[in-house]
1. Restricted to the range B:125-143, and to residues that are within 21 Å of residue A:448 (Cβ to Cβ) and more than 7 Å from chain A (Cβ to nearest Cβ), which residue is modelled with the lowest pLDDT?
2. Take residues that are closer than 21 Å to residue A:127 by Cα and tell me which of the helices (runs of 4 or more DSSP H) falling wholly in the range B:146-236 contain 1 or more.
3. Taking only pairs six or more apart or across chains, which ones have beta-carbon atoms under 7 Å, a first residue in the range A:563-585 that is part of a helix (DSSP H, G or I), and a second residue that is at pLDDT below 95?
4. Would you point out which residue out of B:171, B:120 is within 11 Å of chain A (Cβ to nearest Cβ) and touching a strand residue (DSSP E or B) at 6+ places or on another chain (Cβ under 8 Å)?
5. Go through (1) at pLDDT 95 or above; (2) under 28 Å from residue B:95 (Cα atoms) for residue A:382 and report which single condition fails.
6. Looking only at residues that are surrounded by fewer than 24 Cβ atoms within 10 Å (Cβ to Cβ) and in contact (Cβ under 8 Å) with a residue 60 or more places away in the chain in the range B:144-165, which one is farthest from the other protein chains (Cβ to nearest Cβ)?
7. Report the residue count in the range A:215-242 for those that are in contact with a strand residue (DSSP E or B) (Cβ under 6 Å, 6 or more places away or on another chain), surrounded by 24 or more Cβ atoms within 10 Å (Cβ to Cβ) and closer than 30 Å to residue A:199 by Cβ.
8. So which of A:123, A:59 is under 21 Å from residue B:149 (Cβ atoms), surrounded by 23 or more Cβ atoms within 10 Å (Cβ to Cβ) and either modelled with pLDDT under 95 or within 14 Å of chain B (Cβ to nearest Cβ) (or both)?
């Protein structure tokens, strides 16, 4: 299979403009003849729905929650990057592009990342126009702060609730189009399959989560904006219902899955406690602007933090990386935390945490200043941990947060299945092997507000799309397969719950395909995962019926897919023998234990093709060409 | 964290569907860690029910970090439970004592019909926003974000209102089932910001009409909403909402 990324020719800075001119247009009168399905209402899905509806397309939008406003983008805390250069500190589109490529450890496409940096400024403009209450300076201009992997201050924020405010902005734009009748909203629907007719994406089937009915919808194109698959690990910062079913079904229908092993482990999360724990809570990276990370120098030092004198503390990030200090990229910060804890210097009951200390910042700026910047985060921490972070340093540890991998898409954000577009975290395109902080919000909104409105029309203009009815055999087949799978799950009546299997899978993935990976552990995971899957299909118990409101069945359906996807992640991790970004292969590290890339052999996107559940997937490579940046060993010293 | 285990008696509202009769069912639960969240405690109970082949308790939840607004129930008569400024997912069992009996019910409001057990239909809140809780700015035509300076104080006040998570606690706690705090927060946010001024009369007018149409009650200054709001949104936003409404009555041509 030849993977054509359809990257426009010409100089980097002119590619997007040139491409926009070359794309075919659909006239305003014809746009209303097209029906578009959008699955997911996070930043990418809701911004796409609003923008496409504004253009005149008829949108059918689907989400699993009771309202589109609840998608998990809502939980993003710290901010959104843009190359505005308002602080006059030397930022530019090219610098944002460069930082993002470098932060991703040179495993993303130059053209995509450059476009992302280009539209970043328009995103801020549009969000302000929609009434997003970004933080402001006293003169009334927008305030910014710094994030990991950057030496400029380019992150715009709304307290510690930036994702919420941006999502509510896009949700409000969507609400306007719902009011105008251009978007039909279908909440509490879970996608079960993508329908292909003549090889093109022409519809979906969904489960109505209230009635249990399987419903069929047709369209001229299908857009998936269903988020990431971090919940493969069971414990992650994702929402409980975040799942991979949409992209997994697309993969099984022939869409390629790119870089599945690229997982971001976020360094600052509230540490795990107890076996009953249902999720991990992130403490925004923005806290590293003012908080200092440290551990006691002496392993096993159990004294309270305030009893450990300054000279007996190791501020290991500041010591090791003087130029970036506490603001090194996420993968670097996470690995260093693990290294300290593995060496016995971890703190807290479990020994698996490090301190994030605000003492110096409070001394410098006062408690009120810290409260106005991070008040809601401190409050959240106190609620969960029952300790006051203004007085006692926070305890933090890395946790699964984001998946850079996703469905393979070309420059137009279309997968290799014609008419199937993939936006936001669900695609693989912009973050390489590690995403920088405050770039997820940027990418989601770039894809939805500014990319897809241009590229979708070109696809529609080029096609002859015959009408498709919901009684087409493709619909019938998918419908009966989904129903059969549900009946099977309900009929097993085994001895173990879905959650129990999910936890077991999560442990296997965290231990063998987590922050550090090696061939031996990965091989082991390849034996363990199919065994768990086999037992799941023999011994799971799912109460209730399929024609009813049944949250256990929803969960079982999602976990069944995670049990398959996990294996693909391990295959990818095993095949990529280099370290890069968040993918750290112990066999490939520098003398200073940093990730060591192998550009000669692995400067490619690994795109996997489905070959059946029990067969090894087939690897296709899209070689990455770097014409504008020099590949270097990342250094944040 | 000083973790310990407690035993609890739970009386949970069970109702199989919107049109069948519900009742409180009693469950005993031992070994509840005080570090658990309230929802994790229900997870543990649901695991036990599942293994006994009983129907687990249906409840809405998603982010479990107090921001998505999906979760919510009435705990011992209080919406989102006894802690202030807390969603149900952020309520931890350390606030309960060994031997407690806890009554768990769904949000009770005519505007929020029950779907199953603790799950209710809050789509009325979306319809309020659809009626006018937005600025009609289409993608692509915006001026530079810094072209319009907004004083810090104004931006902060707008943000106070915008912090609403749309959980519906205000409606559920109000004796009139009024959505004035929810709607007021949105109207207030957009009325404060210069970008929202162009549509301010039309917005407040359509939202008030929509609330009436959907069966939400009016505000009679009970202040229950403010007391239960997990994001501590002040009823001063209701006051601004009322002022906006009165103002619109005088200046608006569209009614």
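The values are calculated or read from the model by the stated rules, or taken from the named source; none is laboratory data. If you're wondering where the values come from, they're calculated on a predicted model, not measured in any experiment. When we count neighbours, we look across all protein chains shown, and the Cβ atoms used for this are built from the backbone with ideal geometry, even at glycine.
1. Step one: list which residues in the range B:125-143 are within 21 Å of residue A:448 (Cβ to Cβ), which gives B:126, B:129-130, B:133-143.
Now restrict to residues that are more than 7 Å from chain A (Cβ to nearest Cβ): B:140-141.
Working: B:140: 94, B:141: 88.
The qualifying residue modelled with the lowest pLDDT is B:141.
2. Details: elements: B:152-162, B:169-173, B:180-192, B:200-214, B:224-228.
Answer list for the range B:146-236: B:152-162, B:180-192, B:200-214.
3. A:564/A:613
4. Values: B:171 fails: within 11 Å of chain A (Cβ to nearest Cβ).
Exactly one of B:171, B:120 is within 11 Å of chain A (Cβ to nearest Cβ) and touching a strand residue (DSSP E or B) at 6+ places or on another chain (Cβ under 8 Å), namely B:120.
5. (1)
6. B:160
7. Total satisfying the criteria: 7.
8. Numbers: A:59 fails: under 21 Å from residue B:149 (Cβ atoms).
Answer to the selection: A:123.
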